[in-house]
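Working notes, beginning with the structure itself.
The values are calculated or read from the model by the stated rules, or taken from the named source; none is laboratory data. Given the structure is predicted, the values throughout are model-derived calculations rather than measurements. Reconstructed Cβ throughout: ideal geometry from the backbone, glycine too, with neighbour counts over all protein chains shown. These accessible areas exclude ligands, DNA and RNA; they are computed on the full protein's heavy atoms, side chains included. Shrake-Rupley method; radii C 1.70, N 1.55, O 1.52, S 1.80 Å.
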Amino acid sequence: MVGLSEGEKHFIRGGIAQDIRTDGRKRLQFRALSVETGVIPQANGSARVRLGATEIIASVKAELGKPSILHPDKGKVSIFVDCSPTAEPTFEGRGSEELSTELAVALQRCLLGGKSGAGAAIDLSSLIVVDGKVCWDLYIDGLVVSSDGNLLDALAAAIKVALSDTGIPKVNVSLSAANDEEPEVDVSDEEFLQFDTSSVPVIITLTKVGRHYIVDATSEEESQMSSAVSVSVNRHGQICGLTKRGGAGLDPSVIFDMISVAKHVSQQFIGVLDSEIAAAEAEADE
Amino acid sequence: MEYVNPLTGFRVDGRRPNEMRQLKAEVGVVARADGSALFEMGNTRVIAAVYGPREIQNKGQQVNNKEALVRCEYRMAEFSTGDRRRKPKGDRRSTEISLVIRQTMEASILKDLMPCSQIDIFVQVLQADGGTRSACINAATLALADAGIPMRDIVTSCSAGYLCSTPLLDLNYVEDSAGGPDVTVGILAKMDKVTLLQMDAKLPMDTFESVMGLAIEGCKAIATYIREVLLENTKRLECQRG
């Protein structure tokens, strides 16, 4: 982390109070978003998202596995986050474990729903191949290559784009197998099923600096925060998850206000993200 | 398996035996690092970031206070190989490669110009298709140059093997796992000195000389490319400064 002088801290706080941030943005304005799909050819789906100087690569790999006994009609999804030391020298060795776990758990909460699997953004029953015997295991990996604040939002966006790029191979099951034997499955190399990501939410993090909140904070602005609330909103304006970070206490009315601001900003962000995904897919088709 | 087609002389991916994979390099990919580079050799993609020279974080690691401390970490992304790796950091191969890269770069960095400071080189493998060691060293050279760290010379690295009685330059993953010998060479390009030499499996002496000679030629070709990239980058910076 680069140290900030008193003058710089004052400048950042003053700018936010006057609705002009250090890079000229307004409080509720996102940085330039750039999206690329298919960056990892050997994965089933992948994406590279750049939000200002923050760069995330997300990949989705599907492997055949056995469904859990509690949910024999559902596939499994697991999300992992890795912070590369190229982003921050403090991430070397085991330094990034705490942050990676925090980010992975926050993403799981927003995208995968509760313990029973209810409310998951991805329809887990579409991942089942043979009830109780064979299902698809999705491994979603997020890699933070360059970090300049707002990692959670960028990770959620990258995962949404990677899922929209994912193709699950079609599986032909031989029906002649006996009941207690492992059924034979033939994974097709040709046909793929695309995922429906219209219900995958995005995450908007509102960072409170002084008396105002900003969206998409850079790491310098994050160092001045008193608290932050990350709200996960889907296309229909429904809230899919909520996390509050930071030690300062927040008045409940402030939290409600932040949630409504996040809902408003999220619709715009989802629009931008969807158009970027469409543009990337059009480019890939050429 | 036919690694070299006896009729046409082509390898599994359509290259000739002394042909290297396509190279692509980009400087300055990680905005917050002092120097960074992306290096691609065919399907192997690697990002290197350099932080330094900066204050020593852990005084206990400092051995010689008249020289800079060079540290290196090599990491592979979980999605970098065909099967998903479960433990991409801290395993023995990563530790060994981190050590190898550090020793190779130390031979070139003018450490005594920066006493009591540390230089961190972080290498992240995004896609692995054979020759990751060499790609990492080439990326680290570019990143160090981008960070403005004084070096004796450009360090480049390339691998070569021997399959179907033919020396092959720049092995990819399929050729590497064929079980034939794999010679990795790292040289200081202009000074013509070898800083890294590793080989596994066995080779008769005269064949070894020809394989190593091929690898050194590969290194020199990469050095020419790296010089072009750095020149291009400097011109672009000069234009930006006006």
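Here are a few things to note about the model shown:
- Only Lys, Arg (+1) and Asp, Glu (-1) charged, at Cβ; chain B dipole about Cα centre in debye: 660 debye
- Length added when fully stretched, B:K190-B:F10, from 0.36 nm per residue minus Cα-Cα: 61.6 nm
- Computed from backbone phi, the HN-Hα couplings of region A:238-249 come to 8, 8, 9, x, 8, 9, 10, 10, x, x, 6, x Hz, rounded to whole numbers (Karplus: 6.51 cos²θ - 1.76 cosθ + 1.60, θ = phi - 60°; Gly and Pro given as x).
- Share, in percent, of DSSP beta bridges within region B:1-134 that are antiparallel, nearest 5: 75 percent
- The modelled label-to-label distance for the pair A:D123/A:E283, using points 7 Å beyond Cα in the direction of Cβ, is 3.0 nm.
- For the protein assembly as shown, with +1 on Lys and Arg beta carbons and -1 on Asp and Glu, the positive-most of B:V46, A:G3, B:A215 along the dipole: A:G3
- Beta bridges by DSSP in chain B, antiparallel share as percent, to the nearest 5: 85 percent
- Treating r as the C-beta distance of A:S174 and A:A53 and R0 as 51 Å, the FRET efficiency rounds to 0.50.
- Couplings for region B:222-238, taken from phi via the Karplus curve 6.51 cos²θ - 1.76 cosθ + 1.60 with θ = phi - 60°, read 5, 4, 4, 5, 5, 4, 4, 4, 5, 5, 4, 5, 5, 4, 5, 5, 5 Hz in order; Gly and Pro are left as x.
- In the assembled protein chains, B:C239 presents an accessible area of approximately 110 Å² (probe radius 1.4 Å).
- Relative to the longest principal axis of the Cα atoms of chain A, the long axis of helix A:6-17 makes an angle of roughly 70 degrees.
- Chain B - Debye-derived log10 I(q)/I(0), Cα point model, q = 0.09, 0.16, 0.17 Å⁻¹: -0.39, -1.16, -1.28
- About its Cα centre, region A:188-286 has a charge dipole of approximately 1120 debye under the convention of +1 per Lys or Arg Cβ and -1 per Asp or Glu Cβ, with nothing else charged.
- Ranked by the mean number of other Cβ atoms within 10 Å of their residues, highest first, the peptides A:148-157, A:48-57 fall in the order A:148-157, A:48-57.
- Gain upon complete extension [A:R235, A:I69; 0.36 nm per residue less C-alpha separation]: 56.5 nm
- Rounded to 5, the percent of DSSP beta bridges in region A:25-285 classed as antiparallel: 85 percent
- Across region A:106-112, coupling constants 3J(HN,Hα) worked out from phi with the 6.51/-1.76/1.60 Karplus curve, θ = phi - 60°, read 4, 5, 4, 5, 7, 9, 10 Hz, and Gly and Pro carry x.
- Only Lys, Arg, Asp and Glu carry charge here, each on its Cβ (+1 for the first two, -1 for the last two); on that basis region B:102-152 has a dipole of about 120 debye about its Cα centre.
- Directionally averaged projected area (the protein assembly as shown, Cα convex hull): 29.7 nm².
- Note on chain A: Lys pairs 8 or more places apart or on different chains, Cα atoms under 15 Å apart, count 13.
- B:L7, A:L242, B:L203, reordered so the largest accessible area comes first (probe 1.4 Å): B:L7, A:L242, B:L203
- Heavy-atom accessible area with a 1.4 Å probe sorts A:Y139, B:Y173, largest first, into B:Y173, A:Y139.
- All Cα pairs of chain A, percent lying beyond 29 Å: 37 percent
- Long-range amide H partners of A:D82 with built H, under 5 Å: A:G142, A:L143, A:V144
- Exercise: per-residue mean of other protein chain Cβ atoms within 10 Å, B:25-32: 4
- FRET efficiency for B:A31 and A:D251, using Cβ-Cβ distance with R0 set to 30 Å, rounded to 0.05: 0.25
- Peptide-level mean, for B:71-80, of C-beta atoms on other protein chains within 10 Å: 6
- Average partner coverage of B:114-124, which counts Cβ from other chains inside 10 Å: 2
- Taking Cα atoms only, the orientation of helix B:92-106 departs from the longest principal axis of chain B by about 60 degrees.
- Close amide H contacts of A:T54 (hydrogens built in the peptide plane, cut-off under 5 Å, sequence separation of 5 or more or a different chain): A:D148.
- The label point for B:Q57 and the one for B:R227, both projected 7 Å from the Cα toward the Cβ, are 3.6 nm apart.
- Within the listed set B:G60, B:G180, B:G42, the residue fluctuating most in the Gaussian network model of chain B (springs between alpha-carbon atoms under 10 angstrom) is B:G60.
- Protein-only accessible surface order, largest first, of B:R133, B:R21 at 1.4 Å: B:R133, B:R21
- Rg to Rh, two decimals, where region B:96-172 supplies the alpha carbon set and Rh follows Kirkwood: 1.05
- Rounded accessible area of A:E6 (nearest 10 Å², 1.4 Å probe): 130 Å²
- Remark: relative contact order (chain B) = 20 percent; criterion is Cα-Cα distance under 8 angstrom and separation of 6 or more residues.
- Put a dot 7 Å past the Cα of B:S210, heading toward its Cβ, do the same for A:L4, and the two dots end up 6.4 nm apart.
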